[in-house]
Amino acid sequence: MKTLIRNATVVLPEGTLPTSVLIDGGQIAAIDPAIHTQAETVVDAAGLHLIPGVIDDQVHFREPGLTHKEDLRHASRACAKGGVTTFLDMPNTTPNTTTQARLDEKLALAAERSLVNYGFYIGATPDNLDDLRRAQRTPGIKIFIGSSTGDLLVDDQDALERIFGETTLPLCAHCESETIIRANSQRYAGTQDVADHSRIRDHQAAVACTRRALDLAVRHQHRFHVLHVSTGAETQLVADHRGLITAEVCPHHLFFSVDDYPRLGTLAQMNPSLKTQQDGAQLWQALLDGRLQVVATDHAPHTLQEKQRPYPQSPSGVPAVENSLALMLNQANQGRCTIEQIVHWMCDAPARVWDIVGKGRIAVGYDADLVLVDMNKTAVIRNEEQQTKCGWSPWHGETLQGWPVRTWVRGHEVFRDGRFDESRGGAEAAYDHARGGYWRTA
Ligand code: DOR
């Protein structure tokens, strides 16, 4: 089956230009304005941008065990709609993903159920070093150095020294200091004000833990990716270790701040917590000047009923996977960034951070994970239209300009103008960790 996408404005590594892209057998076979090959499907994409599929390297799709919140079918539909063609899922499911057997189980579930490509991290515990050292078919190891949803936590210094010193897979971590969170929780014991979430999980909790993790990574010279940076101060810490450290930011930390608690209540509760508008501005600046490399969602769905419990019984996390690309494209339309930068942050950079083979850019021989984007389309995010099983979005009611309209996963068009073709699923992502990550690749 060949598909020819004609006359799109194509975002290529070497620049953005009007050209045509031929898909053959799930891969990009040719890029040329004058392709004359006969194709079964011809798409006239004049006026639209063609970009590589988004790789969201931080999602919680809740399968197995927490499928009342989300599951692989709903979440991967949300991905297809949002232009996300590959996701990397976190290990705080039930049971936790802390052994090869559990990883293999998740991969088998996704092979059956996911409409887009997938990968799964292995989670660190204080005593699964052998599992971490032997793990295969995974982008890397996730460490919760501060606790969040679930019971995965490695706070013990000796255990952390062993993980950073004696494993070889790429590492990433949730950085919020457990000691500081616990002390602040006592100070705010009895509070029902969700705004206190940002006083309990405060600036210092994030900065101190990121500093601690960077110290481990630098001493052990272990490549390390800081997940969901939430403060301006951390952007400077990570920038001091270019070459070894990469870092990412989530849409909620770019678009919301503590000032949104009165409007959103516990819908604005997530870990790391929201910080100030000034932090948000500093995160944007760090993205634009390259101190942060990746934008990913930390898609963390909980049901509305769960979110409506009084704080602090309300769980932390927000869904975002089906709106993240549109949220960023809307910023490009407003002149805050370019579509090329978005492709770097959401497609190319995550592929390089995790050594993902054949993804993240539009190039001959790469997988045909592609998204057609209409920069002129305006639409409102509505809870009723969300594909995520939790059925709500913290951006409900917001109007965005710039939306994904068609999505191909390995050459199969899985989403087109609001409809899904679920006749074929995604595939397991492949990793070549010998590449050495973001800083060693161009
Ligand atoms: O807010 C969050 N929710 N942050 C995390 O790190 C975990 C996530 C979840 O799994 O709910």
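The values are calculated or read from the model by the stated rules, or taken from the named source; none is laboratory data. It should be emphasised that the depicted structure is a prediction, and the values quoted were computed from it without experimental measurement. Cβ placement follows ideal geometry from the backbone for every residue including glycine, while neighbour counts extend to all protein chains displayed. The protein model used for the area step is the full one, side chains on, heavy atoms only, and it has no ligands, DNA or RNA in it. Shrake-Rupley method; radii C 1.70, N 1.55, O 1.52, S 1.80 Å.
Some points to look at:
- Taking each residue of segment 255-280 that is touching a residue at least 40 places away in the same chain (Cβ under 8 Å) and looking for partners that are within 15 Å of the ligand (Cβ to nearest atom) and open to solvent by 50 Å² or more (accessible area, probe 1.4 Å) with beta-carbon atoms closer than 9 Å, six or more apart or interchain, yields THR266/ARG309; LEU267/LEU304; GLN269/PRO312.
- Residue count, segment 50-69 (criterion: under 16 Å from the mean Cα position of the chain (by Cα) and either open to solvent by 10 Å² or more (accessible area, probe 1.4 Å) or within 15 Å of the ligand (Cβ to nearest atom) (or both)): 7
- Among the residues of segment 136-155, those that are open to solvent by less than 10 Å² (accessible area, probe 1.4 Å), in a loop (DSSP other than H, G, I, E, B) and either more than 15 Å from the ligand (Cβ to nearest atom) or free of Cβ contacts under 8 Å to residues at least 60 places away in the same chain (or both) comprise THR138, PRO139, GLY140, VAL154.
- Hits in segment 70-86 - residues which are within 16 Å of the chain's Cα centre (by Cα) and either open to solvent by 10 Å² or more (accessible area, probe 1.4 Å) or more than 14 Å from the ligand (Cβ to nearest atom) (or both): LEU72, SER76, ARG77, ALA78, CYS79, ALA80, LYS81, GLY82, GLY83, VAL84, THR85, THR86
- Just one of the listed residues (ARG201, ARG219) is open to solvent by 10 Å² or more (accessible area, probe 1.4 Å) and within 21 Å of TYR438 (Cβ to Cβ), and it is ARG219.
- Scanning segment 308-329 for residues that are farther than 14 Å from GLU248 by Cβ, more than 16 Å from the ligand (Cβ to nearest atom) and open to solvent by less than 10 Å² (accessible area, probe 1.4 Å) gives GLU322, ASN323, LEU325, ALA326, LEU327, LEU329.
- Residue in segment 151-167 that is in contact with a helix residue (DSSP H, G or I) (Cβ under 8 Å, 6 or more places away or on another chain) and under 22 Å from ASP348 (Cα atoms) present: no
- Annotation: of all residues in segment 354-368 being open to solvent by 10 Å² or more (accessible area, probe 1.4 Å) and aliphatic (A, V, I, L, M), the one that is nearest to the chain's Cα centre (by Cα) is VAL357.
- Residue that is farthest from PRO315 (Cα to Cα), among those in segment 254-278 that are within 12 Å of the ligand (Cβ to nearest atom) and touching a helix residue (DSSP H, G or I) at 6+ places or on another chain (Cβ under 8 Å): LEU274
- PRO272 falls short on exactly one of the conditions (1) over 26 Å from PHE224 (Cβ atoms); (2) open to solvent by less than 10 Å² (accessible area, probe 1.4 Å), and that condition is (1).
- Residue count for segment 91-108 under the criterion of being open to solvent by 40 Å² or more (accessible area, probe 1.4 Å) and assigned to a helix (DSSP H, G or I): the result is 6.
- Checking segment 61-76 against the condition returns no match, with no residue being modelled with pLDDT of 95 or more, touching a Gly at 6+ places or on another chain (Cβ under 7 Å) and part of a loop (DSSP other than H, G, I, E, B).
- The condition of being open to solvent by less than 10 Å² (accessible area, probe 1.4 Å) and within 16 Å of the ligand (Cβ to nearest atom) holds for only one of PRO251, PRO350, that being PRO251.
- Segment 168-177 - residue that is open to solvent by less than 10 Å² (accessible area, probe 1.4 Å) and not hydrophobic (A, V, I, L, M, F, W, C) and, of those, farthest from the ligand (Cβ to nearest atom): PRO170
- Restricting segment 34-49 to residues that are touching a residue at least 40 places away in the same chain (Cβ under 8 Å) and in a strand (DSSP E or B), the residue that is surrounded by the fewest Cβ atoms within 10 Å (Cβ to Cβ): THR41
- Residue within segment 215-232 that is within 14 Å of the ligand (Cβ to nearest atom), in contact with a helix residue (DSSP H, G or I) (Cβ under 9 Å, 6 or more places away or on another chain), at pLDDT 95 or above and more than 30 Å from ASP104 (Cβ to Cβ) present: yes
- Qualifying residue in segment 270-281 (condition: under 12 Å from PRO394 (Cβ atoms), outside any strand (DSSP E or B) and in contact with a Ser or Thr (Cβ under 8 Å, 6 or more places away or on another chain)): yes
- If you go through segment 282-307 and keep only what is part of a helix (DSSP H, G or I), within 16 Å of the ligand (Cβ to nearest atom) and open to solvent by less than 10 Å² (accessible area, probe 1.4 Å), you end up with just LYS307.
- Candidates ASP158, ASP127, filtered to the one that is assigned to a helix (DSSP H, G or I), over 24 Å from VAL357 (Cα atoms), away from the ligand (no atom under 16 Å from the Cβ) and acidic (Asp, Glu): ASP158
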